[in-house]
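Visitor: Below you'll find the structure I mean.
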Amino acid sequence: MIPGIEKLVGATIERLHADAGYRGHNAPPDYKFKIYTSKQKRRVTPAIKREMRRRSAVEPVIGHLKDEHRMGRNYLAHRNGDLNNAILAAAGYNFRRLLKWLRILLCLFFASLFPQLNPLPA
């Protein structure tokens, strides 16, 4: 898995951030990288703490994509199907965020247009 990730990204892995239940890897012995797990206290610099906070900010988005945007299982065939599934899920996620933003903008527009009907407490 790790050589495949390096090939996909185009860079060598120096640090790996894993869940607390991480139990090791089967990477070839010539791969030298550090592994940091959540709840780890020793040898954690401020930069690594910042990276771990970023990772924990991304995890809910991944769970949301799996639950509500059909990323839990891919029904499209082959490698192109994997790519198309990810792109379509990202488009749906962004479209949902855009609709939410437009809904808020429309409510603010109507609230400024009709202040006497404003249901918000003053």
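All of the numbers you see were taken from the coordinates with simple rules; none came from a lab. Only a predicted model underlies this, so the values are computations on that prediction, with no experimental measurement involved. When we count neighbours, we look across all protein chains shown, and the Cβ atoms used for this are built from the backbone with ideal geometry, even at glycine.
Visitor: To one decimal place, what Kirkwood hydrodynamic radius in Å is obtained for the chain from all pairs of distinct Cα atoms?
Guide: Values: mean 1/r = 0.0534 Å⁻¹.
Its Kirkwood hydrodynamic radius stands at 18.7 Å.
Visitor: Please list, in chain and number order, the residues 5+ apart from I35 or on another chain whose amide H is under 5 Å from its amide H, with Hs placed from the backbone.
Guide: Correct list: L16.
Visitor: Can I ask one more? For the chain, what is the relative contact order in percent, using Cα pairs closer than 8 Å and at least 6 residues apart in sequence?
Guide: Taking the mean separation of contacting Cα pairs over the length of the chain, I get 14 percent.
Visitor: Under 20 Å from a point placed 7 Å out from the Cα of K39 along the Cα-to-Cβ direction: which residues of segment 55-75 have their backbone N that close?
Guide: Within reach of a label on K39: 55-60.
Visitor: Using a Debye calculation, one point per C-alpha and no hydration shell, please list log10 I(q)/I(0) for segment 48-101 at q = 0.26 Å⁻¹ in order.
Guide: -0.98
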